[in-house]
Amino acid sequence: MPESSAPLSRRSLLKLGLAAGTVLTVSSLGAGLAGCSRRDHAAAAGLRRLRDADVELFRALLPVMLAGSLPAAAPLDGHLARIDDAVLRLGAPAQREVFKLFDLLHLRPARWLATGIAEPWREATPQQVAAFLERWRDSRVGLFNAGYLAFNKLCCTAHYTQPEGWAQMGYPGPLAWAYESLNR
Amino acid sequence: MAINDLYTDGIAGGWKVRDASTFTADQVLEADVAIVGSGAGGGTAAQILSAAGLRVLILEEGPLQTARDFRDMNEARAYATLYQEGAGRSSSDGALQILQGRAVGGTTTVNWTSSFRTPPETLKHWATRHGVREASEQDLAPWFQRMEEQLGVAPWGMPPNANNAVLRDGAAKLDWEWHVIPRNVRGCWNLGYCGTGCPTNAKQSMLVTTIPQSLRQGAELVHHLRVQALRFEGGRVAGLEARALKPDALAPSGVRVTVRARHYVLSGGAINTPALLLRSAAPDPHGQLGLRTCVHPVVLSIAEMPQKVDGYYGAPQSIASDHFQWKQGATGACGFKLEVPPMMPALLSTMFGRFGAELKDEVGHLPQLNAALALLRDGFVEESPGGRVRIDDAGEPLLDYDFSEYLWQGMREAYRRMAELQFAAGARRVRQVHLDARWAGNAGDALRHVETLRMVKFRTGLFSAHLMGGCAMGGDPKTSVTDSHGRHHQLENLHVLDGSLFPTSIGANPQLSIYGLVAKHATRLAGELAKG
Ligand SMILES: Cc1cc2nc3c(=O)[nH]c(=O)nc-3n(C[C@H](O)[C@H](O)[C@H](O)COP(=O)(O)OP(=O)(O)OC[C@H]3O[C@@H](n4cnc5c(N)ncnc54)[C@H](O)[C@@H]3O)c2cc1C
Ligand code: SF4
């Protein structure tokens, strides 16, 4: 167990649950009062499911999850579009779970408790994000492992379904002779 | 070389194939038999019922995609268009990754062609524990033979690819049982892309066999059509309510379709068939619906070989070992079948659980990697009751699946045996698909390391491509959903003909079990409908 997962004891998980519950209630109340919940849930420009806040989250996660495999300052738009499409295709129950996870990480107190990052995602440093990923991956709390794996899968498939990713893996693509023969 | 996709010519020649995403008005469809789903069970049933002169209507929520669409041999395209939930389906808590098909041909359009008869031990267990009648090895033999002949099932004649050769060589070294896998292929190019849809029509999936044959026999296929609910009247099914989907096969287009038939067949596969019945509030006096959903939980072990493996090329599965399957009989410690998966890059990239530089390093060895997998035989003992399908408020399916100590022990044993196997075949290093795993450089180290793995959900990489049960057949209505012939215990004009019939898992890849059993049940049903 690395040091960083120590704060995530059963007690802090309880606290996290409480905090998340409170924050969710407050935020839905707020949205109800403001009468603009739709707006908050609208997809980001050009995407069908991910909202602006989710995009910000993945802009912080992708360069760390795929560190060394993404060129510096890569635009990430293709990766975001593929993650968006993957979420879109999930059944309603799985989408609900995914958005619960995203929402938790958008709420400052919950994010701080769960990830140790108080700053908004766009200000989080790669070191902070890496520490959070490690903490979730190595945690004894299954829920955090689950969250880590969900992010890992979304980021990996967004990258390794693409020719750039294949080249990094040493996968040459479909057999050339067959490809040519079939696509003539 | 242009491959004939069958459907272009067929449709031009008068096959009745309709795309519900193009429907602009609500409509009513009528038939003698309406079949929900076009996979292993639905395709087989459609061919047999239409051959008997019945007017058959096949309803499929997925798209019609053919060899023409499969020429790119591309994972991203296949996951998005041919798999349930874009290949992102999982158990309700996310711990078990589920691969299932969703297209004309169902899961057979993307499966890996391994074709095994139901093991006799499994059939005996069904007879003694679940009161299943007329399904002995002898009873089923002619039906297996018939389907094997139609689908070109034969032991793979070419040498195994290097990924499968690891399994053969390791098993041979250790003096374990191993065998060449029979595959349902004709003129296979040995490419390796069965999982993204066969681009050559070599795979004898339902897409190129029973469905075209049904269409030739006058059956009608409507795709992009999701059956939402069954309607009941006087203890019978009175109709189906279906929703046309938009061209991306996701959201409903708003067009509603009503289906009326004399008889109804559910072939939506495990998870979806029980969910459809639950959503329809079908009679279920003993609360059996959705129970005993088995998954053949899969755990994997990755080896780095000294030689190039190129495990993405070549027939994906050609060698298997049953050495640990029946060691303690059907109800002893959990048995498992050993096989390998095709080493598709994106799928493999998610197996390491690493990120950043570590991930980059792990995946960079792909050309030299072998993976072994163990399919655990669930559902045979009380400690392994299988999972339960339920629905949410909107009627969407959820699978709850828990792992008992019995299964965790089976998995740990599988990790040990796979490591032994891979080192015996010459592996340089081996690691499990598990969040606690690290590479081990020799068998002794690997075995010690396996003891330290925490066998719990999420840390253990858990997969399923074999969904079975949930509408179990059996002699006693108190413990099953259909009778031994697939007829619903409470609804006389309803059959379930797909993998959800199985009262336990199979203990081998299930497609041929579905073909054989459904061929038998559908032939009996055709006889009854011809009389009545
Ligand atoms: C990647 C992969 C590899 C595999 N490899 C092998 C193998 O090598 N050998 C083997 O024996 N087995 C293999 N299998 C498993 C095997 O293919 C399946 O067990 C089998 O196809 C299941 O048959 P089925 O009839 O129960 O359902 P399916 O074949 O899944 O068909 C069900 C169909 O019904 C449709 N449907 C569901 N609900 C509705 C609804 N409400 N309205 C309309 N349509 C609906 C679905 O979209 C689907 O197309 C593999 C599976 C996968 C995912
Ligand atoms: S290996 Fe054979 S059956 Fe599989 S996709 Fe290639 S040609 Fe088709």
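The values are calculated or read from the model by the stated rules, or taken from the named source; none is laboratory data. Bear in mind that the values here come from a model prediction, so they are computed numbers and not experimental data. Positions of Cβ are backbone-derived with ideal geometry, glycine not excepted, and every protein chain shown enters the neighbour counts.
Worth a mention:
- Some residue of region B:118-129 being assigned to a loop (DSSP other than H, G, I, E, B) and crowded, with 21+ Cβ neighbours inside 10 Å: yes
- Number of residues in region B:306-356 that are more than 13 Å from chain A (Cβ to nearest Cβ) and among the charged types (D, E, K, R): the value is 4.
- Per the listing B:ARG416, B:ARG438, the residue uniquely under 20 Å from A:LEU149 (Cβ atoms) and either touching a helix residue (DSSP H, G or I) at 6+ places or on another chain (Cβ under 8 Å) or without any contact (Cβ under 8 Å) to a residue 24 or more places away in the chain (or both) is B:ARG438.
- Some residue of region B:81-96 being over 29 Å from B:GLN217 (Cβ atoms), within 15 Å of ligand 1 (Cβ to nearest atom), modelled with pLDDT of 95 or more and basic (Lys, Arg): yes
- Of the residues B:ALA330, B:ALA357, the single one that is within 21 Å of B:THR128 (Cα to Cα) and of a type outside the set (D, E, K, R) is B:ALA330.
- Of the residues making up region B:116-126, not a single one is within 30 Å of B:MET73 (Cβ to Cβ), away from ligand 2 (no atom under 16 Å from the Cβ), out of contact with any Leu (no Cβ under 8 Å at 6 or more places or on another chain) and not β-branched (Val, Ile, Thr).
- The set of residues in region B:240-257 being outside any loop (DSSP other than H, G, I, E, B) and either among the hydrophobic types (A, V, I, L, M, F, W, C) or within 14 Å of ligand 1 (Cβ to nearest atom) (or both) consists of B:LEU240, B:GLU241, B:ALA242, B:ARG243, B:ALA244, B:LEU245, B:PRO252, B:VAL255, B:ARG256, B:VAL257.
- Options A:ALA92, A:ALA118; residue that is under 25 Å from A:ARG51 (Cβ atoms), at pLDDT 95 or above and facing chain B (nearest Cβ under 7 Å): A:ALA92
- Any hit, region B:222-233, residues being within 30 Å of B:ALA275 (Cβ to Cβ), of a type in the set (Phe, Trp, Tyr), away from ligand 2 (no atom under 16 Å from the Cβ) and more than 25 Å from the chain's Cα centre (by Cα): yes
- Taking first residues from region B:309-320 that are closer than 20 Å to B:SER349 by Cβ and in the same structural domain as B:PRO367 (by TED's automatic domain parsing) and partners that are within 11 Å of ligand 1 (Cβ to nearest atom) and outside any loop (DSSP other than H, G, I, E, B), the Cβ contacts under 7 Å between residues at least 6 apart in sequence or on separate chains come to B:PRO316/B:CYS194; B:PRO316/B:GLY195.
- Residues being in contact (Cβ under 8 Å) with a residue 12 or more places away in the chain and in a loop (DSSP other than H, G, I, E, B) - total across region B:367-413: 15
- Scanning region B:510-525 for any residue that is at pLDDT 95 or above, assigned to a helix (DSSP H, G or I) and more than 16 Å from ligand 1 (Cβ to nearest atom) turns up at least one such residue.
- When region A:121-142 is filtered for residues that are over 17 Å from B:LYS360 (Cβ atoms), within 10 Å of chain B (Cβ to nearest Cβ) and surrounded by fewer than 18 Cβ atoms within 10 Å (Cβ to Cβ), the ones remaining, listed by number, are A:ARG140, A:GLY142.
- Selection status of B:LEU300, out of contact with any Lys or Arg (no Cβ under 9 Å at 6 or more places or on another chain) and over 20 Å from B:MET418 (Cβ atoms): no
- Residues in region A:42-63 that are of a type in the set (Gly, Ala, Ser) and in a helix (DSSP H, G or I): A:ALA53, A:ALA60.
- Of all residues in region B:25-81, those satisfying the criterion of being touching a helix residue (DSSP H, G or I) at 6+ places or on another chain (Cβ under 8 Å), away from chain A (no Cβ under 14 Å) and of a type in the set (Val, Ile, Thr) are B:VAL33, B:ILE35, B:VAL36, B:THR44, B:ILE48, B:VAL56, B:ILE58.
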